[in-house]
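The values are calculated or read from the model by the stated rules, or taken from the named source; none is laboratory data. The shown structure was predicted, so the numbers you read here are calculated from the model rather than taken from an experiment. All Cβ positions, glycine included, derive from the backbone under ideal geometry; neighbour counts span all protein chains shown.
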Amino acid sequence: MAKEITPRSENYSQWYNDLVVKAGLAENSAVRGCMVIKPYGYAIWEKMQHQLDKMFKETGHQNAYFPLFIPKSFLSREAEHVEGFAKECAVVTHHRLMTDPNGNGVVVDPDAKLEEELIVRPTSETIIWNTYKNWISSYRDLPILVNQWANVVRWEMRTRLFLRTAEFLWQEGHTAHATKEEALEEATKMVNVYADFARNYMAIPVIVGEKTESERFAGAITTLCIEAMMQDGKALQAGTSHFLGQNFAKAFDVKYQTNEGGLEYVWASSWGVSTRLMGALIMAHGDDNGLVLPPNLAPIQVVMVPIFNKPEQLEAVLAKMKEIKEELVKKGVSVKIDDRDNLRSGFKFAEWELKGVPVRVAIGPRDLENNTVELARRDTLTKESTSADSAPERIVSLLDEIEKNIYQKALSFRDSHIWKVDSWEEFKTKIEEGGFLLCHWDGTSETEEKIKEETKATIRCIPFDSCVCQEEGKCIYSGKPSHRRVLFAKAY
RNA sequence: CGGGGUGUGGCGCAGUUGGCUAGCGCACCUGGUUUGGGACCAGGUGGUCCUCCGUUCGAGUCGGAGUACCCCGACCA
């Protein structure tokens, strides 16, 4: 009873929030806008980290760590960058507390005011480029391919668990290159790494594209992104990769000597994904019973629930379970035997469904007699009985099927909520129903802004997938000529 | 910062026009019966009713001020 969540169709936001809290992923903390990630939620994040980190290493990157604090003057070196982040920065002004002489408890010591205020990083371009200045002098020092796992703070006015919190965990890659082409190629490569990760590990189909000027990262020349569709038809930006040109190199005076002896500014890229991916995972696959985790990211892939009447039966069942578990572990499957004796099996079934465990194995006295086990899959909520001997093998193939199935499910959901729209009237009705609209656009920020004002829809990206979008037409709003469609949606 | 709402055991809530010992569900503890889809019975632990001021014989309830949180906007990954 206590674990029941709001039905998804009734109130999507409430459903999401309930799910995050009741599945034990995260909760609000005492600090406004900040989130506590609970062990189960963090275990999923760790799986994500692990896989992403592997993919970064495979593409030649190394990890490093830079300071949490950024001198205020660093942030203001790049004009657009500071403008983009100034409104949401936490600032450190003092370095000491004292006991108030007037008895008001502990207060900030006015004598401990910092010479220069420190900003808690909202992103690390500035501090990193300040450092790169010392690392780079020759073309032989390039490229620098570095990633950092860190927390950042953006003082948002309204927050939501995982989707937008004042502090969040992420990775940010910062690369330095000798040529424009190489930096651009890096930015493209990494957005594709993100797309691969989303599809193959999170089982979420994404649209890869480029942001329009108004949605671009502050300080970037080009921002590439992956956009995913949630089950209410809204878009979630799941990852971004930026081509920064020479903006930061110029702001921090980072030059290198070419092999001809000339002096050139360095070219840059940066890219990141955050704990927001957790939100994507939850909203893309969850159902009225709770979380549905893709096997590739599930901390527990298989849970075993014993069914018994007498203690002797429990013992026999557990012995069988351990046998099967051992086989599974050998095959690289993570298994939990739920041997709590104060809870009934039905309760456990519901609880593990809420937590999204892909496969559940139930074994009872009847199974022991017949040498069978009951397998239940989370994605379809169906059950099958199989022989105990072939169970490990069957479970491994089942995990694979589930991963594929939930991707297909998400893909067909998205594809059935994406439309080419050519009339403004149709645009206004369709966007209210939720979903992605592929429309012509005249390429101006003014039109984009007006569409946003009237419908709350924004251009999520200019998709790369040229065969779908590359065609002549007229702007949905202004009627001016356009030679390609762009992706409109309401977004998180 | 604008509009709306809510503060009552750990959680979710009820509490009438002011009245008696502040109640219910969940959770928790003890004992027993149960166990193939969220068990049941009996007993039990746990509360400065957000804070301050006021009205009153009497305030969880009425008035004022403060404060915290939530929702809807503006801002954003």
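Listing for the model above:
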{"read-out": "Condition check for A:L224: more than 29 Å from A:N11 (Cα to Cα) and outside any helix (DSSP H, G or I)", "value": "yes"}
{"read-out": "Yes/no for A:F74 being surrounded by 17 or more Cβ atoms within 10 Å (Cβ to Cβ), farther than 24 Å from A:N247 by Cα and out of contact with any Cys (no Cβ under 9 Å at 6 or more places or on another chain)", "value": "no"}
{"read-out": "Those strands (runs of 3 or more DSSP E) lying entirely in region A:117-221 with at least 3 residues within 11 Å of RNA strand B (Cβ to nearest atom) and surrounded by fewer than 22 Cβ atoms within 10 Å (Cβ to Cβ)", "value": "A:144-153, A:167-177"}
{"read-out": "Set A:L169, A:L142, A:L161: member being over 22 Å from the mean Cα position of the chain (by Cα) and of a type outside the set (V, I, T)", "value": "A:L142"}
{"read-out": "Any hit, region A:386-400, residues being within 13 Å of RNA strand B (Cβ to nearest atom), surrounded by 15 or more Cβ atoms within 10 Å (Cβ to Cβ), in a helix (DSSP H, G or I) and not small (G, A, S)", "value": "no"}
{"read-out": "Matching residues, region A:300-310, being within 13 Å of RNA strand B (Cβ to nearest atom) and either under 24 Å from A:A23 (Cβ atoms) or not in a loop (DSSP other than H, G, I, E, B) (or both)", "value": "A:V303, A:M304, A:V305, A:P306, A:I307"}
{"read-out": "Residues (touching a Phe, Trp or Tyr at 6+ places or on another chain (Cβ under 7 Å) and not hydrophobic (A, V, I, L, M, F, W, C)) located in region A:408-447", "value": "A:H417, A:K430, A:G435, A:T447"}
{"read-out": "Residue tally, condition under 21 Å from A:V82 (Cα atoms) and more than 14 Å from RNA strand B (Cβ to nearest atom), over region A:223-243", "value": "1"}
{"read-out": "Enumeration of residues in region A:439-483 that are more than 16 Å from RNA strand B (Cβ to nearest atom), part of a loop (DSSP other than H, G, I, E, B) and either among the acidic types (D, E) or within 26 Å of the chain's Cα centre (by Cα) (or both)", "value": "A:D442, A:F464, A:D465, A:E471, A:E472"}
{"read-out": "Any hit, region A:106-116, residues being surrounded by fewer than 18 Cβ atoms within 10 Å (Cβ to Cβ), in contact (Cβ under 8 Å) with a residue 12 or more places away in the chain, within 16 Å of RNA strand B (Cβ to nearest atom) and assigned to a helix (DSSP H, G or I)", "value": "no"}
{"read-out": "First in region A:442-454 and polar (S, T, N, Q), second anywhere and crowded, with 17+ Cβ neighbours inside 10 Å, Cβ under 6 Å, 6 or more apart", "value": "A:T447/A:Y477; A:T447/A:S478"}
{"read-out": "Conditions (1) touching a Pro at 6+ places or on another chain (Cβ under 7 Å); (2) farther than 19 Å from A:A280 by Cβ; (3) more than 13 Å from RNA strand B (Cβ to nearest atom); number of the one not met by A:A410", "value": "(2)"}
{"read-out": "Region A:280-289: number of residues that are within 13 Å of RNA strand B (Cβ to nearest atom) and not aliphatic (A, V, I, L, M)", "value": "3"}
{"read-out": "Test: residue in region A:290-299 that is outside the structural domain of A:L224 (by TED's automatic domain parsing), within 14 Å of RNA strand B (Cβ to nearest atom) and in contact with a helix residue (DSSP H, G or I) (Cβ under 6 Å, 6 or more places away or on another chain)", "value": "yes"}
{"read-out": "Entirely in region A:6-93, the helices (runs of 4 or more DSSP H) that have 2 or more residues that are under 29 Å from A:L293 (Cα atoms)", "value": "A:12-22, A:39-58"}
{"read-out": "Enumeration of residues in region A:12-45 that are modelled with pLDDT under 85 and touching a helix residue (DSSP H, G or I) at 6+ places or on another chain (Cβ under 9 Å)", "value": "A:N28"}
{"read-out": "Among (1) farther than 24 Å from A:A284 by Cβ; (2) among the aliphatic types (A, V, I, L, M); (3) assigned to a strand (DSSP E or B) - the single one A:A238 does not satisfy", "value": "(1)"}
{"read-out": "Selected residue (criterion: nearest to the chain's Cα centre (by Cα)) from residues of region A:342-381 that are more than 8 Å from RNA strand B (Cβ to nearest atom) and on the phi > 0 side of the Ramachandran plot", "value": "A:G356"}
{"read-out": "Counted residues, region A:77-98 - those being within 19 Å of A:W271 (Cβ to Cβ), buried (at least 16 other Cβ atoms within 10 Å of the Cβ) and charged (D, E, K, R)", "value": "1"}
{"read-out": "Residue, nearest to A:N296 (Cα to Cα), within region A:11-48, restricted to residues that are more than 14 Å from RNA strand B (Cβ to nearest atom) and surrounded by fewer than 15 Cβ atoms within 10 Å (Cβ to Cβ)", "value": "A:E46"}
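Rundown of residues vs (1) at pLDDT below 95; (2) under 30 Å from A:D141 (Cα atoms); (3) part of a helix (DSSP H, G or I), yes/no style:
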| residue | (1), (2), (3) |
| --- | --- |
| A:Y256 | no, yes, no |
| A:G261 | yes, yes, no |
| A:V273 | no, yes, no |
| A:L277 | no, no, yes |
